[in-house]
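Peer 1: Just dropping this structure here.
The values are calculated or read from the model by the stated rules, or taken from the named source; none is laboratory data. Every value quoted in this text rests on a predicted model; they were computed, and no experiment measured them. FYI the Cβ positions are ideal-geometry reconstructions off the backbone, even for glycines, and counts take in every protein chain you see.
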Amino acid sequence: MSTREEKERVDLLQGTLDLLILRTLLLGPTHGHAIAKAIEFRSDEVLQVEQGSLYPALHRLIKRGWISVEEGTSKNNRRAKFYRLTAKGRKQLAAETSKWEKFAGAIARILRPTEERE
Amino acid sequence: MKQRAKRLLNDLEQEIREHIELATQENMDRGMTPEDARYAALRKFGNVTRVKEDAREVWSRLWLEQLGQDVRFALRQLRKSPAFTVVVMLTLAVGIGATTAIFSFADLLLDHPVALRHLDRLVSVDETSADGQQALLSPANFRDIQVEMGSLQNLASYQEWTASLLSANGAQESNGVRVDQDFFTTIEVEPLFGRLFFSEEYALSKDHVVILGYAFWQREFAGDRGVIGKTLRLDGQSYSIVGVMPADFQFPPGGTQLWIPLALDNAGGERVHGTLSAVGLLKPGMSLQQSRAELSTVWSSLQQRFPAANQAWQLSVVRLRDYLVDEDSRQFAALFLCVAGFVLLIACVNVTNLQLARAASREREVSVRMALGAGRTRLVRQLLTESVVLAAIGGVAGLLLAIWGVAVMRANLPAQVREICDVSGMQVNLRAFVFTVFAATASGLLSGTIPALFASNLNLRDSLEAAGTRIVGGSQRLRRAFVVSEVTLSVVLLIGAGLMVKGFASLANRQTFMHPDTLFTFHLSLSPNHYANSQQREIFYTRLLERLRSVPAVTEASAVSGLPYSFYENDQKVVSDQSEGSRLGDLPTVMQESISEDLLPRASASAAGRPFLRSEGRSNCCRSGHCERKHGSPILARQRSARAPSKASRERFTK
């Protein structure tokens, strides 16, 4: 049973995780751990990303050409992989963002009247 | 691309380690102990193995890699339990082998009853009466159609023919066919060696040339290539051998082994009596419907010009394939395929059951793998792969079985089947192979799905804690359900087979009817050169029957146009006062056979009434033209006892 629940959570996050990564990288190229932390921090720790799932997502974005990867050095002088948003990724982010806003707005409109009635 | 993926994946491990170290460091900065910090970091990261696998999966060719892995793993698993593997393999081999063999037969029957190059474009043309009776084309009609047709590239006529061959072994009946000038170009066939007929050989005085079939050549001349130019005595006349046909050429089907020229000189003007079969080749790109439309216009004008001969007949153009293999044979093939399908289905249910039993004993293995991070889909996929691998092995064995089965069928199919299709062309061909692959995959998936779903649906902790000896209630119920369905399928099959056998047995053993155990039969054909008119034939048959009756062991003898329960040629529709308005196809059909006087009185059915008198049926058989047709006339004779005819009496008959 436990495995099934996990799976459902990952499924739920999959589309959004890509969006969050792209948005995070808009601020500049950075490495995996920093992306995970940024997502957590910026969402006031509401979104708990299973950090491991970040990496397949990064690979997926590389494959689609939305981000690129380069070798770099982290703050404490360690070699690390830095992920950078590509032009294509920027466009994708804009599209996805507006799509997400529409979606979230629609959901919100549906939910609001019920709350007000109570 | 590929290179980049490889580097990324190679570096991933290092990257993950960095990630966890960074997280650990941060946790320690928040005041955790090193162990706690590391543990928390690991927990937050999730399942490292699965992350790596997921990342690998992104670079997609993965499923193929996984398939390879799964197959290797499956083979290892199967090797570990050889008894299980062998049982399943044999079970599936029987199912798949039987279906493939039957498929090959159906394929032969429905797709290529004869091996001709452009079978798809070949059509048969004949005359059909309003009540569905088929008749041969008359020579004059044939000529006119040939002149006016636009949709056919070629139209050729042929005439089946039985000759008595005189060789060192005595006289023997041989099946042949007279073919016209366009025959070989229409069906597009070249001799193995030697030549086809010259155009001047299609004339009455020069037509004593013959082309041999491969089997005939092998049998009579032991495959000697020097056979060209030798003569053959057929119907008392000498024919010079000019060529030998390739082994796979067999047209018209039904054991044709001799081809001679068809000379139409004198009979060319005959319009009423049909004597010709016709085969045409559609022009490339021309559909059957177009050709039908065009030829029906041609036929309409022939009807207007010659109403007396043609008014009652329609021209029928059907694909040669459909002409050779009628609806009954198709249904027969479909029935056989269904039966074989049932066998395969039973095999699958059997295998499902075996796999379910095995799934229970593999519970621990599965739960360990789940604990190590295998997802359920991944597990199901692996188990299904195992099942399909099993089925593939079974499929290979089944294919071998099918090849053997087809060889057995090729050698043993009865003459009636050989009449309509060229059995020697039956083989496990590419289509049958594709069918096998399909059948094997389907049965692998079919028999594996439920066990795989069942095996992967475990409560992890329960099965890890139990020592693997737990009995799962659900599985028991499931297996019982399978046993029930298996028995049901088997019973259906058994009842079907039983009814068929019983029907046949009651037909064969109707003691009140023919007493077949004391009957024996043979058939002979008379050479038209020696028995040119019906009177001569009548005299011959009368004398033959008299002499047969004089043999001490024989109580009665009779000539018939067709044997009971064998192929019959004369269908008649029964029309009565009540049948007005009913469709033709709904009218009852009877077989009409002509018999000579002696059969009915003693062999006979319990029918009310009296036997024919000699004056009523003066050798009807000979008059109706049966004797000239392909099979000559079967003779029925009854012995005093049920023994097989003794050698002595056999010798006496051949005199």
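Peer 1: Restricting attention to region B:277-292, which residues are over 16 Å from B:Ser129 (Cα atoms) and outside any loop (DSSP other than H, G, I, E, B)?
Peer 2: Pass one, region B:277-292, residues over 16 Å from B:Ser129 (Cα atoms): B:278-292.
Of everything in region B:277-292, those that are over 16 Å from B:Ser129 (Cα atoms) and outside any loop (DSSP other than H, G, I, E, B) turn out to be B:Ala278, B:Val279, B:Gly280, B:Leu281, B:Leu282, B:Leu288, B:Gln289, B:Gln290, B:Ser291, B:Arg292.
Peer 1: Here's something else I'd like to know. Could you tell me which residue of region B:135-158 is surrounded by the most Cβ atoms within 10 Å (Cβ to Cβ), considering only residues that are of a type in the set (Gly, Ala, Ser) and assigned to a loop (DSSP other than H, G, I, E, B)? Outline the logic, then answer.
Peer 2: Of region B:135-158, the ones of a type in the set (Gly, Ala, Ser) are B:135, B:138, B:140, B:150-151, B:156-157.
Then drop every residue that is not assigned to a loop (DSSP other than H, G, I, E, B), which leaves B:138, B:150-151.
Working: B:Ser138: 23, B:Gly150: 12, B:Ser151: 20.
Among them, the one singled out is B:Ser138.
Peer 1: Within region B:403-428, track down each residue that is crowded, with 20+ Cβ neighbours inside 10 Å and part of a loop (DSSP other than H, G, I, E, B).
Peer 2: Passing the criteria: B:Cys421, B:Asp422, B:Met426, B:Val428.
Peer 1: Here's something else I'd like to know. Answer yes or no as to whether B:Arg56 is within 11 Å of chain A (Cβ to nearest Cβ) and surrounded by 13 or more Cβ atoms within 10 Å (Cβ to Cβ). Step through it out loud before you land on a result.
Peer 2: Working: within 11 Å of chain A (Cβ to nearest Cβ): yes; surrounded by 13 or more Cβ atoms within 10 Å (Cβ to Cβ): yes.
It is true that B:Arg56 is within 11 Å of chain A (Cβ to nearest Cβ) and surrounded by 13 or more Cβ atoms within 10 Å (Cβ to Cβ).
Peer 1: Go through the residues of region B:357-368 one by one and say whether even a single one is basic (Lys, Arg), more than 14 Å from chain A (Cβ to nearest Cβ) and part of a helix (DSSP H, G or I).
Peer 2: Yes, because at least one residue in region B:357-368 is basic (Lys, Arg), more than 14 Å from chain A (Cβ to nearest Cβ) and part of a helix (DSSP H, G or I).
Peer 1: Any residue at all in region B:162-170 that's surrounded by fewer than 20 Cβ atoms within 10 Å (Cβ to Cβ), closer than 26 Å to B:His530 by Cα and without any contact (Cβ under 8 Å) to a residue 60 or more places away in the chain?
Peer 2: yes
Peer 1: For region A:68-97: of the residues being closer than 25 Å to B:Glu13 by Cβ and touching a Phe, Trp or Tyr at 6+ places or on another chain (Cβ under 7 Å), which is nearest to the other protein chains (Cβ to nearest Cβ)?
Peer 2: So the residue we want is A:Val69.
Peer 1: Restricted to region A:8-51, and to residues that are loosely packed, with under 15 Cβ neighbours inside 10 Å and in contact with a Ser or Thr (Cβ under 9 Å, 6 or more places away or on another chain), which residue is modelled with the lowest pLDDT?
Peer 2: Within region A:8-51, the first condition is being loosely packed, with under 15 Cβ neighbours inside 10 Å, and the residues that meet it are A:8-9, A:11-12, A:14-16, A:26-28, A:41-48.
Subsequent filtering for residues that are in contact with a Ser or Thr (Cβ under 9 Å, 6 or more places away or on another chain) retains A:14, A:42, A:47.
Values: A:Gln14: 53, A:Arg42: 78, A:Leu47: 68.
The qualifying residue modelled with the lowest pLDDT is A:Gln14.
Peer 1: Here is a check on your reading of the model: is B:Asp107 under 19 Å from B:Gln427 (Cα atoms), of a type in the set (Asp, Glu) and buried (at least 16 other Cβ atoms within 10 Å of the Cβ)?
Peer 2: On the way: under 19 Å from B:Gln427 (Cα atoms): yes; of a type in the set (Asp, Glu): yes; buried (at least 16 other Cβ atoms within 10 Å of the Cβ): yes.
Considered against the rule, which asks whether it is under 19 Å from B:Gln427 (Cα atoms), of a type in the set (Asp, Glu) and buried (at least 16 other Cβ atoms within 10 Å of the Cβ), B:Asp107 comes out as yes.
Peer 1: Let me ask something else about it. Quick check on my filter: what residues within region B:11-68 are touching a His at 6+ places or on another chain (Cβ under 6 Å) and touching a residue at least 40 places away in the same chain (Cβ under 8 Å)? Steps first, please.
Peer 2: From region B:11-68, those touching a His at 6+ places or on another chain (Cβ under 6 Å) are B:19, B:22, B:55, B:58; that's our starting set.
Within region B:11-68, just B:Ala55 meets the criteria.
Peer 1: Also: If I filter region B:209-234 down to residues being in a helix (DSSP H, G or I) and among the basic types (Lys, Arg), which single residue comes out as farthest from B:Gly176 (Cα to Cα)? Walk me through how you get there before you give the answer.
Peer 2: Quick first cut of region B:209-234, residues in a helix (DSSP H, G or I) only: B:214-221, B:225-227.
After this cut, where a residue has to be among the basic types (Lys, Arg) as well, the list is B:219, B:225.
Values: B:Arg219: 15, B:Arg225: 21 Å.
That would be B:Arg225.
Peer 1: Let me ask you something else. Among (1) touching a residue at least 24 places away in the same chain (Cβ under 8 Å); (2) more than 14 Å from every other protein chain (Cβ to nearest Cβ); (3) surrounded by fewer than 19 Cβ atoms within 10 Å (Cβ to Cβ), where does B:Ala98 come up short?
Peer 2: So the condition that B:Ala98 fails would be (3).
Peer 1: Follow-up question, since we're still on this one. Condition first: at pLDDT below 80 and surrounded by fewer than 15 Cβ atoms within 10 Å (Cβ to Cβ). Can you find one or more residues in region B:542-565 that meet it?
Peer 2: Yes, region B:542-565 has at least one match.
Peer 1: Here's another thing I want to ask about it. For region B:293-312, indicate whether the set of residues that are surrounded by fewer than 17 Cβ atoms within 10 Å (Cβ to Cβ), assigned to a loop (DSSP other than H, G, I, E, B) and among the hydrophobic types (A, V, I, L, M, F, W, C) is non-empty.
Peer 2: yes
Peer 1: When you check B:Ala106 against the structure, is it within 23 Å of B:Val396 (Cβ to Cβ) and in a helix (DSSP H, G or I), yes or no?
Peer 2: yes
Peer 1: Test B:Ala532 against the criterion of being under 27 Å from B:Ala415 (Cβ atoms), exposed (fewer than 12 other Cβ atoms within 10 Å of the Cβ), at pLDDT 65 or above and of a type in the set (A, V, I, L, M), and give yes or no. Even if it seems obvious, please write down each step before you answer.
Peer 2: Working: under 27 Å from B:Ala415 (Cβ atoms): no; exposed (fewer than 12 other Cβ atoms within 10 Å of the Cβ): yes; at pLDDT 65 or above: yes; of a type in the set (A, V, I, L, M): yes.
No: the conditions fail for B:Ala532.
Peer 1: Mind checking which residues of region B:182-208 are over 32 Å from the mean Cα position of the chain (by Cα) and either without any contact (Cβ under 8 Å) to a residue 60 or more places away in the chain or part of a helix (DSSP H, G or I) (or both)? First the steps, then the outcome.
Peer 2: Pass one, region B:182-208, residues over 32 Å from the mean Cα position of the chain (by Cα): B:194-195, B:197-208.
B:Gly194, B:Arg195, B:Phe198, B:Ser199, B:Glu200, B:Glu201, B:Leu204, B:Ser205, B:Lys206, B:Asp207, B:His208 - these are the residues of region B:182-208 that are over 32 Å from the mean Cα position of the chain (by Cα) and either without any contact (Cβ under 8 Å) to a residue 60 or more places away in the chain or part of a helix (DSSP H, G or I) (or both).
Peer 1: Same structure again: In region B:466-479, which residues are surrounded by 11 or more Cβ atoms within 10 Å (Cβ to Cβ) and either at pLDDT 80 or above or not hydrophobic (A, V, I, L, M, F, W, C) (or both)? So that I can check it myself, show each step before the final result.
Peer 2: Taking region B:466-479 first, the residues surrounded by 11 or more Cβ atoms within 10 Å (Cβ to Cβ) are B:466, B:468, B:470, B:472, B:475-476, B:478-479.
Correct list: B:Gly468, B:Arg470, B:Ser475, B:Gln476, B:Arg479.
Peer 1: Sort through B:Arg43, B:Arg72, B:Arg50, B:Arg30 and tell me the only one that's within 14 Å of chain A (Cβ to nearest Cβ) and under 56 Å from the mean Cα position of the chain (by Cα).
Peer 2: Details: B:Arg43 fails: under 56 Å from the mean Cα position of the chain (by Cα); B:Arg72 fails: within 14 Å of chain A (Cβ to nearest Cβ); B:Arg30 fails: under 56 Å from the mean Cα position of the chain (by Cα).
When all the criteria are applied, what remains is B:Arg50.
Peer 1: Next up: Return yes or no: is B:Asp11 at the interface with chain A (Cβ under 8 Å from one of its Cβ atoms), in a helix (DSSP H, G or I) and buried (at least 17 other Cβ atoms within 10 Å of the Cβ)?
Peer 2: On the way: at the interface with chain A (Cβ under 8 Å from one of its Cβ atoms): yes; in a helix (DSSP H, G or I): yes; buried (at least 17 other Cβ atoms within 10 Å of the Cβ): no.
No; evaluated as a whole, the condition is false for this residue.
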